[in-house]
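The values are calculated or read from the model by the stated rules, or taken from the named source; none is laboratory data. Computed from a prediction, not measured in an experiment: that's the story for all the values here. Don't worry about glycine lacking a Cβ; one is built from the backbone with ideal geometry, like all the others, and counts go over all protein chains shown. Heads up: the accessible areas ignore ligands, DNA and RNA and are worked out on the full protein's heavy atoms, side chains in. Shrake-Rupley method; radii C 1.70, N 1.55, O 1.52, S 1.80 Å.
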Amino acid sequence: MNFMGITTITETTNDKTPKNAFVFVPFSEITQGMDETYLIDVIGELVGEDNVMEKFVRGRKSKLMKIELEDLDKNKLSCTLWGEFADQICSYLAESNSGPIIVVLLLFKVKSYQEKVGISNAYYGSKLLINPTLKEAADFSNKNGLYFNCLIIHKRISQISGHSSYSISDDWVKHTERKTIDDVLDAAEEEYCAVLATILEIESGWNDWWYQGCTKCSRKVQSAGTKFYCEGCDKLVQSVPRFKVQVKAIDQTGSTSLIFDREATQFLGKTASEIRQQEMKNGVGCGPPAVLNNFVGKKFVFKINIKKLNVKSKWSIYSVMRMSDDADLLEHFNSTLADNKESVSDEVEYTSPTKTPSKRFAEDVSDTIVDDPTAQLSGNKLKKVIKVEKY
């Protein structure tokens with residue numbers, strides 16, 4: 001609500017005015033097309049999330065995050081959250097461990113782009129409520145059969161396993177260039193790409209598979225007595241343990257190292273905080289937690305961010321933006337290989353890098369990798385094909 005010079009305010013004694021007056025619009029009505037000049041209210045369960053991005057809009061850098069909601073009729077609706085709304089949902093996801101997430105969006109605008117209809121917050125007036133203590137949210141949960149203590153949140157909001165709720169395949173298939181690991185290692189410019197590869201081993205050690213991250217921006221925080229300081233937010237912040245898992249991935253052309261955070265939570269169904277608590281209870285072993293071995297031998301499609309350091313310094317540790325083992329997506333990427341192209345199976349011989357005493361892990365998975373680019377790199381091209389078959 002904005003007050004202007006001609007705005008008048010009158011006090012009222014009417015106590016019957018409802019504190020919350022919602023007019024929820026069905027998702028089917030929105031996606032079929034409606035008047036975009038009206039602001040609308042929606043309610044739904046959060047079933048899909050994307051990474052936070054930054055874009056320049058009208059000369060200013062703006063933060064945004066795309067999410068996907070599902071209504072009682074299992075219709076899905078894409079939503080773009082800008083600015084503080086993106087921060088709000090990120091903070092909630094970082095701190096929450098269980099239960100589905102019910103989202104109430106007030107006074108959002110309808111937008112059409114490339115024949116797809118979605119919603120986003122308006123510049124003024126919009127409001128985001130996450131798992132609010134409202135009758136409408138409780139009614140939605142009861143009608144949908146959702147119980148807040150029976151499910152791990154990250155199993156419901158998954159971009160990875162089974163039939164994922166978030167329709168990532170459209171983005172990867174249509175808008176992300178398909179590359180091999182060899183292509184990635186030879187990249188001459190910064191870009192995003194999609195790679196089909198198998199995780200060969202966990203490269204993280206016993207104490208560097210996680211880091212203490214800011215709940216607002218995910219950057220690594222510094223201890224300040226009993227509190228934590230975030231350089232990105234430039235203030236004292238709340239923090240939680242976050243994953244920083246480094247793995248060696250291999251395809252038919254070579255191998256490289258990949259590093260990821262949130263995707264570990266989504267695949268394992270456990271947060272880094274939960275695993276750390278288990279370690280403190282049972283004791284820390286000489287290697288990374290055994291649960292991380294669940295990644296080994298699994299094939300994924302990775303959306304990789306090739307950064308300036310990767311291009312200029314040939315730094316062969318790449319940040320993963322998304323990853324999926326969805327069967328349909330894997331099949332599609334297999335089918336994009338050239339007809340009758342020979343590709344190597346998982347039985348391949350490769351030259352393993354010699355690990356140096358200094359660790360090669362990125363300091364902060366949410367920011368530019370700042371490790372010494374002169375250290376031992378881990379990218380390798382296959383030197384011998386052992387067995388040829390369809391990949």
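Results, tabulated for the structure shown:
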quantity	calculated
LEU69 vs. criteria crowded, with 20+ Cβ neighbours inside 10 Å and at negative phi	yes
Output for the range 262-289, where each listed residue is more than 23 Å from the chain's Cα centre (by Cα) and among the small types (Gly, Ala, Ser)	GLY283, GLY285, GLY287
Candidate set from the range 307-322 (those that are in contact with a helix residue (DSSP H, G or I) (Cβ under 9 Å, 6 or more places away or on another chain) and over 30 Å from ILE67 (Cβ atoms)); member that is surrounded by the most Cβ atoms within 10 Å (Cβ to Cβ)	TRP315
Within the range 35-96, strands (runs of 3 or more DSSP E) holding 1 or more residues that are among the hydroxyl-bearing types (Ser, Thr, Tyr)	60-70, 76-82
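The rows are residues; the columns are (1) touching a residue at least 60 places away in the same chain (Cβ under 8 Å); (2) open to solvent by 30 Å² or more (accessible area, probe 1.4 Å); (3) in contact with a helix residue (DSSP H, G or I) (Cβ under 9 Å, 6 or more places away or on another chain); (4) not β-branched (Val, Ile, Thr).
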position	(1), (2), (3), (4)
GLU203	yes, no, no, yes
GLN212	no, yes, no, yes
GLN222	no, yes, no, yes
GLN252	yes, no, yes, yes
ILE259	yes, no, no, no
ALA264	no, no, yes, yes
GLY283	no, yes, no, yes
CYS286	yes, yes, no, yes
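Rundown of residues vs (1) farther than 28 Å from ALA194 by Cβ; (2) at pLDDT below 90, yes/no style:
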| position | (1), (2) |
| --- | --- |
| TYR229 | yes, no |
| LEU236 | yes, no |
| SER239 | yes, yes |
| GLN246 | no, no |
| ASP251 | no, no |
| LEU258 | no, no |
| GLY283 | yes, yes |
| ALA290 | yes, no |
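One line per residue, one yes/no per condition, for (1) in contact with a helix residue (DSSP H, G or I) (Cβ under 6 Å, 6 or more places away or on another chain); (2) surrounded by 15 or more Cβ atoms within 10 Å (Cβ to Cβ):
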{"position": "LEU77", "(1), (2)": "yes, yes"}
{"position": "THR80", "(1), (2)": "no, yes"}
{"position": "TYR92", "(1), (2)": "no, yes"}
{"position": "ILE102", "(1), (2)": "yes, yes"}
{"position": "LYS109", "(1), (2)": "no, yes"}
{"position": "GLN114", "(1), (2)": "no, no"}
{"position": "ASN121", "(1), (2)": "yes, yes"}
